[in-house]
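Heads up: the structure comes next, in C-alpha cells.
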Amino acid sequence: MVSIIFTLNFVWLVGFYLAENSFSNDHQNFSSTIDSNNSRFTDELPNSTYNLPYYFFDNNTTMFDIDLSTSKISNSASVLFNFGTEYGDSLIQYNQSSFEGPIKISANLSYFGLTISEIFISINGLISFFEPIPDFFISPFPTLNYISIAAFWNSIDSTKGGDIYHREITDAMTLEKISLDISSTIEQFNATWAYLVTWYEVAPYYSFSDERNSFQVLLASNGNVSYTILNYEKLEWSSTFLFSGHAQVGFNFGDGYRFLSLPGSLTENVLNLANDSNVGVLRRWIYRTDDPNFLNISCNSNIYCFNFTNSIFYESGSKYGDSVIQKNDDFYEGPIGVSKNFSFFGKYISEIFINTNGLISFLQPITEYSPIPFPTYNYISIAGFWNDIDTTKGGDIFYREITDTITLQKISQDISSTVEQFNATWAYLVTWYEVAPYSSLLDQRNSFQILLASNGNVSFTIFNYEKLEWSFNLYSYIFGQVGFNFGDGSRSLSLPGSLTENVLNLANDSNIGVPGRWIYRIDDSDILDCSSYPYLSRFFFYEYYSIGGEELLLSGLCLKNGQKAFVLIDDHIEVECFIIEYSNCLITTPFLNKTGPIKSELFIDNNSSFTFTLNIVKEPGLAENFLVDIKPFYNMSNDEIVINFSPFFSEYLFFYEFFYDVYLIRIQNDTAELTQIDLVSNESLSINSSLLYKNSPKVDVEIFYIGLSYKYFFTRKYELLFPLLIINELEIADEICQSWYGEQPDPNPIVQVLPPCPPNLPFQQPPFFFSNFITDLCNPFNDEFCSSFHPGAKICYKSIFSVQVGSQMTGQQCCYDQQGTLLVGPPGGGSLDLHHSLDYEREHVYVDIFPYIRCCILSNNCDLYYEKRPSDNGELWQPPAFGGGAGDPHFTSFDGVRYTFNGYGEYTYFEIKEKNFSAQVKIAPLSMQNGTESQGTVFKAISIRGNETGNIEINLDFNKLNIKVNEWYLKSSQMFMSLKGLFLNSTENKVELVYDNGISFEIQSTPNHNALLIFTSLPQFFKGQTTGLMGNFNGNNSDDFTLPNGTVLDLNPQNDKDIFEYFGQEWQVSENMSFFDNDNEFKQILGRNAAYVPKFMQDGISFENSTLEEQAKEVCGNDAFCLFDVSITGDISIASTNLNLNSLISSFEQITSRNSSNSSLDTTDSPSKSSSSETTLISTDSSKSSSSETTLISTDSSSKLSSSKTTLISIDSSSSSKTNFVSTTTSNQGDTATTTNNAKKNMHFGIVFLSFVSSMLFLGLMY
C-alpha cells in the first residue's frame, strides 16, 4: 500500500509540473535581495508563472535546488517569507512578560482538532494557544498545558540583539506563494489565511558571542485544513551561557501524549534544521497540523522511509539510521551487541539475534521455520510472528538501536499512558516490513515490529502489527507463534490466537486499547497478561494529599467496556473509579485524616481484583517559592489576610488563571470544605479573617489551608497547600488554658522514652535532618515562625518516628539558638508532642499547637504549657558511633580504626545478629575510560536487611544510582519517603536512610556513577553487638580485626596486604548467603574473583603521568588514601569520595567533642527530668495501627523526687512507624538498668546533609 501511495504522489507531481510548464518554458527562480533601508530579506515574486523546483538527495544526502528547464544546480535563495514593518508587520517591544497576546485572528485555525481564535507569541521562540508561555526554561515535549508550536524554544533576549515581527496575511499574492509552497511538496492546497511570525537576528540570553538566529513560523489555513511552515534562515546558537539546555523545536498538544519534536531537538544537532528539510527545500519544514490524530509527516526522499498516516509503527527505514538485513530465508543477523543491558525475565541481556522468521532471540539464533509451541526449552526469545518468512519472496527487515531523545519520549508516553509511568533511556526496534511467506498462492504480506525499551531497571516490549494478511505457509500448515519464551520449559506467554488462524486478529485487537499494539513488561520473573492477571503492571504505588479532592488515574489495568469499578481505601472508604480507557480508570481522592501508606483495593464488577498502596502525604509544593510575607497566625478581629505571591511566581499565576484555582480549605469533622477564592490581582489574594469563623465567633483558634490547584482535562492536582492559623483574641483564653492544664496527663512517662535532644549543634549551616529528627518550620528561612512560636530559636527539629505510649503516638521537638545551643523551656524551647506532628498532623494541631496559642500567645500561662509539654534538656543524649568506607575502599571502623581493604566480591559490611540486622557490600574493579579494569576496587552496591522494611539495595547498575526495595526498583531518583520503620531520602547522587532502631546510612555516588561512598552511624546501645568489616564496636580499637569465628587478629592497619589476605577475605559472603541477585547467565557478574590480587598501598604510590599527579595533589593535598586512589584509577572523582568521607567523620567528631564537654545548660525549671512518678502502662493488642486498649495507673506524682520507676508493656504491635518498649528504673542522670526498645532515649545523632531547597516539601506544621 505504501509503495502505491508513493507512486500516486509521483504521478501527481509530474502532472502538476507538466501543467505548469504548459504556460511557460522559461523557469524563473525566486530572487533574494537585501533592503538596505531596513536590512530585511525580501522575496521578489515574479509576475509570470513559473516551474516547480525539484530536489534530490545525493549519496551524502546533501540537498540541491534543481532547475528542470536548464538542469543546472543553483544556490537556494532565502527561505524566509517577506517580513518587516514595510510589509505591515508589528514589532514586539521587549517586555517583562516575555510575550505578546492574546492576539485575535480573523479566521479560525484548526490545530489538531482544536479551534483557535487567538494566539500568543513568546519572545522565547514559540507560538502558543489558550495561554502564554513566558518560560525561558525548556520543557521537553510532550508536556501538559503548553499547547504550542515551538520554532526554536530557548532563552532569547531581544535586548541583546534582534527583533520579532508578526502580521496576519490576507493579500492574494502572498497567499498564492504559500499555497504553491505547500502544493509543490505535500498536497494540493489553497491558502485563504495565514499568520507569520519572524524572529530576526535574535540573540541568546547572557551570551559573549555575536551568534544570531533567524527563523519563522507561518500558520496557514483554507478554512478546514491547516499547515505550519518552519523556515530557518540561519541558526548559529542552540543554548545559552547560563542555561545549557539545547532548543526544543516541534509541536505539542498539551495532553502529555501527542507531540512531535523535529530532528535534533534538545541536542546541539538542532542547528542542522538550517541545513536540512522534510520537504526537499533547504531550511524549510512543512507539517499539516489540523488532524486530531496528530501529524502527517512528509517523507519522500528515500524508498526505505515508512511513515504511515495514523500508523502505530515507529519510524523505520534507512533514513532513520536503520540497518537492513540482506534478503534470505531461514537465516539471522547477530549476535548484535547492545549499548545498554536490559532485563528479560529477570536476566540481563547484552546482545541479541534477529531472526528472519519473526523472532528476537538471546544466547543463540533460531533458524527453525516451523514455530514450536511455547513454553519450550532453549529458545529464549521474543516472537513477534514466528513462521516461515522468506524475504527473497518479498519484504525487508530493518533494525536499529534508539537513543535519540525524541523517539524515546514517544516510547515513554506510549507506555506511561497505558501501563505505568515509565521513562525510556534506551530502545531497540526491529521492523518486518511487507514480508512474504516461504510458500503462498496469494500476494499476501505481513508488517510488524518488535520494540525493546528499558530505563536501566524496568524493561518493556511493544508489538506493533500494521497488517497481518497470512498466518501459515503451504508447506507447514502451522499458524504463527507470538509471545515470550524463557527457555526453561515452564515460563512463557503466548498472545491470543497464537498457533491458530485467529493470530491475524492481533492487528485488530490490543491489550492496552490501541488496535494493533500490545505492550508487556518483561523484566520480572514472569510476564503479566490480562488472560492471567487483572493488570499489566505491578507498580501500584500512588501518592496523594490527605486533603482529598484530587483526580488520580489508575493505569495498567485490564478492563472491558461496560464494566464498573470502585476502590476501597483504608478498608472503609468506597470511591467510584470511572473507566475512561481500556487500561485506565479515574478516582477522586477522599479526605483522609491520616498519612503514610494506606492499603487500598480495586474492585471490578464487585469482584476484588488486587490490592495496592496509596501513600497519603500532607503538603505539596515549595511554599517559599510561591508565597511571601506569610505570618504563622492572623487575628480575627482586624487582620486582612493578604497572600502575596513571589515575584518569580506572580506573573505565572496571573497568566495561568485558565488552569489554576485558589482554594480556602477548612478541615472539620473529618471532612475538607473547599471554597474557591477570587484572585485580587496577579500579585496577591485577600480575605478578611473575620469571615473564616462560620460556626461561632466564640471559637478562639481555627486552622485553614490555602490551596493552589490546577485541573487539566480530567485530572486535578494540588500545586501548593499552606497552613494558616486564625486567632480570635477572646478574654477567656486564660480560663481555657488553665482548664486545659488541669485535664492533661503527667508527661513524665512519655518524656523518659522519647529520643533525647543533642545539647549542641556545632554547624555553620544547620542540616535539614539528622538521626531521628527533621527540620521544623522554625528555621533560618522562616524567621517569623521562630519569633512567633519559639522566640530566640534559630532552628527547630522534630522527631521522624513516633513513639507509642499507651494510645498516644508521641514525638519530640528540639530547638536551638544562634550558637547552636539547645533551648529548654519557655519561651523558645522545644516541647513534647502528645501527637506526633508528622504522623498525626491535625491531632497535633489541636492537642499541641492550639494549647500553646491559648497559653503562650493569648494569655500569660506559658509555664503551664511547658509543664505539660516539657522541653528535653539533652542530659540523656549520647553521641553515636560512626564510620564508613570510600575510594579503593578505605574503611574507618566504628571504633575509629582506618585501614584499606580492596577486595573483589561481596562482603559483610557489618552485622548485628541480636537484632537480625545486616548490611553487605559489593566491591568490584573500577572500569577505566579505555574499557579496561583498574587495579583498584570500589563500592558498587550495598544491600541492607533488617526490621520490617525488608531488603534495601543501593547499586550503580547501568551507570546510575538505583534504589531497590525488596524486589522492586523505585522509579524516581529524587524522593522523600517514609516506609515501614525506615525514612528514605534520595537525590540523583545521594541516598539517606534512617531506621527506627537508630541506625543511619548516607550513600553517595561519584558524578560518573562509578563508585559509592558509604557512611554509617549507630547508637551506643549496640556496643558489643557488631561484627564484619566495620569491626567490633565496643570502644576498644585493638579488636576490630575480628574474624567470623571470633578470632582476634593483631594486624597493622597500614599493612593492607595482610589485611586483604588474613582479615578482609574472611568476610566474603558465600553465594547462598548473598543479599544480591546474582542469578544472571547473560553477563559477567560483578562479584567473586578469587584470582584477583589488588595493588597495595604499602607498595607505594606512583602515577602514570605528571599531569595526573599534579591534579591529584591539587585535589588531595597530602591525603595518602586520596592520592593512592587517583594513582590506580586515573579518576579524580574517586578522590572526592575520600574527602567527603573525611568531612562527614570530622563533623561527627565535632559533635561528639562539643557535646561531651558540655556539662551544663541554661535551663528553665522544667519537669522533663526532675519530677517523678511510679507509673504502669499496659498496652495490649495494638495491631490496629495506633489504636490500643490502655490502662494508666499513676501514684505518688510528687514533682520533687529525683527518679521515676516506669514499666511499660506492649503486646502485639504492628504500627508502621511506632515504637514500643519495656523500660525499668531510670534515674534522672540517665542510668538505665534494663532497656529494650526500637528507638530509645539513646537514639543516635547521625547527621545527613541535604539541600535545604527541598525542605519545605516535606514539613508539617510549625510545631
- Residue in the range 989-1022 that is nearest to Gly936 (Cα to Cα), counting only those that are polar (S, T, N, Q) and either part of a strand (DSSP E or B) or more than 23 Å from the chain's Cα centre (by Cα) (or both): Ser1005
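Could you check how many residues of the range 168-178 are buried (at least 20 other Cβ atoms within 10 Å of the Cβ) and either of a type outside the set (A, V, I, L, M, F, W, C) or within 27 Å of Ser265 (Cα to Cα) (or both)?
Residues that pass the stated criteria total 2.
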- Message: Residues that are among the acidic types (Asp, Glu) and at pLDDT 85 or above: does the range 980-995 have at least one?
- Response: yes
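Please find, within the range 369-416, the residue that is nearest to Pro437 (Cα to Cα) out of those that are of a type in the set (A, V, I, L, M) and surrounded by fewer than 21 Cβ atoms within 10 Å (Cβ to Cβ).
In this case the residue turns out to be Ile372.
Before we move on, is Asp863 touching an Asp or Glu at 6+ places or on another chain (Cβ under 6 Å), within 19 Å of Val751 (Cα to Cα) and outside any loop (DSSP other than H, G, I, E, B)?
no
Given the structure, is Glu168 in a strand (DSSP E or B) and touching a residue at least 24 places away in the same chain (Cβ under 8 Å)? Let's see the steps before the verdict.
Working: in a strand (DSSP E or B): yes; touching a residue at least 24 places away in the same chain (Cβ under 8 Å): yes.
So Glu168 fits the description; yes.
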- Task: Just give me the residues in the range 1029-1067 being in contact (Cβ under 8 Å) with a residue 60 or more places away in the chain and of a type in the set (Val, Ile, Thr), in sequence order.
- Result: Ile1059
- Message: Ile164 - would you say it is buried (at least 21 other Cβ atoms within 10 Å of the Cβ), closer than 30 Å to Gln409 by Cα and assigned by TED's automatic domain parsing to the domain that holds Leu271?
- Response: no
- Note on the structure: Scanning the range 779-830 residue by residue, those in a strand (DSSP E or B) and basic (Lys, Arg) turn out to be Lys798
- Answer yes or no as to whether Ile103 is touching a residue at least 40 places away in the same chain (Cβ under 8 Å) and either crowded, with 20+ Cβ neighbours inside 10 Å or outside the structural domain of Ile229 (by TED's automatic domain parsing) (or both). no
- Task: Working only within the range 470-488, note down all residues that are more than 14 Å from Tyr379 (Cβ to Cβ) and out of contact with any strand residue (DSSP E or B) (no Cβ under 6 Å at 6 or more places or on another chain).
- Result: Ser471, Phe472, Leu474, Tyr475, Ser476, Tyr477, Ile478, Phe479
- Task: Of the numbered conditions (1) in contact (Cβ under 8 Å) with a residue 40 or more places away in the chain; (2) in contact with a strand residue (DSSP E or B) (Cβ under 7 Å, 6 or more places away or on another chain), Pro1007 fails exactly one; give the number of that condition.
- Result: (2)
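Here is a yes/no grid of residues against (1) of a type in the set (A, V, I, L, M, F, W, C); (2) in a strand (DSSP E or B); (3) crowded, with 21+ Cβ neighbours inside 10 Å:
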residue	(1), (2), (3)
Ser139	no, no, no
Pro142	no, no, yes
Tyr146	no, no, yes
Ala150	yes, yes, yes
Thr159	no, no, no
Thr185	no, no, yes
Tyr195	no, yes, yes
Thr198	no, yes, yes
Glu201	no, yes, no
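The rows are residues; the columns are (1) of a type in the set (A, V, I, L, M, F, W, C); (2) at pLDDT below 95; (3) crowded, with 24+ Cβ neighbours inside 10 Å; (4) under 19 Å from Gln1065 (Cβ atoms).
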{"site": "Gly1024", "(1), (2), (3), (4)": "no, yes, no, no"}
{"site": "Leu1029", "(1), (2), (3), (4)": "yes, no, yes, yes"}
{"site": "Asn1037", "(1), (2), (3), (4)": "no, yes, no, no"}
{"site": "Gly1046", "(1), (2), (3), (4)": "no, yes, no, yes"}
- Message: Quick check on my filter: what residues within the range 372-425 are at pLDDT 85 or above, part of a loop (DSSP other than H, G, I, E, B) and of a type in the set (Gly, Ala, Ser)?
- Response: Gly394, Gly395, Ala424
- Task: Any chance you could count how many residues in the range 489-531 are of a type outside the set (Val, Ile, Thr) and in contact with a strand residue (DSSP E or B) (Cβ under 7 Å, 6 or more places away or on another chain)?
- Result: 21
- Query: Restricting attention to the range 443-454, does a residue exist that is of a type in the set (Lys, Arg), out of contact with any Gly (no Cβ under 8 Å at 6 or more places or on another chain) and either in the same structural domain as Phe422 (by TED's automatic domain parsing) or within 21 Å of Ile389 (Cα to Cα) (or both)?
  - Reply: no
- Hits in the range 823-844 - residues which are farther than 19 Å from Ile857 by Cα and not aromatic (Phe, Trp, Tyr): Leu834, His835, His836, Ser837, Leu838, Asp839, Glu841, Arg842, Glu843
- Checklist (1) part of a loop (DSSP other than H, G, I, E, B); (2) more than 21 Å from Glu315 (Cα to Cα) applied to Gly264, failing item: (2)
- Note on the structure: Checked Ala220, Ala194, Ala203 against criteria (in the same structural domain as Trp153 (by TED's automatic domain parsing), free of Cβ contacts under 8 Å to residues at least 60 places away in the same chain and touching a Lys or Arg at 6+ places or on another chain (Cβ under 9 Å)); the one match is Ala203
- Kindly indicate the residue of the range 493-547 that is within 30 Å of Ile665 (Cβ to Cβ) and not in a loop (DSSP other than H, G, I, E, B) and also modelled with the lowest pLDDT among those meeting that condition. Phe541
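The values are calculated or read from the model by the stated rules, or taken from the named source; none is laboratory data. No experiment lies behind these values; they were computed from the predicted model shown. Methodologically, a virtual Cβ is constructed for each residue, glycine included, from the backbone with ideal geometry; neighbour enumeration extends over all protein chains shown.
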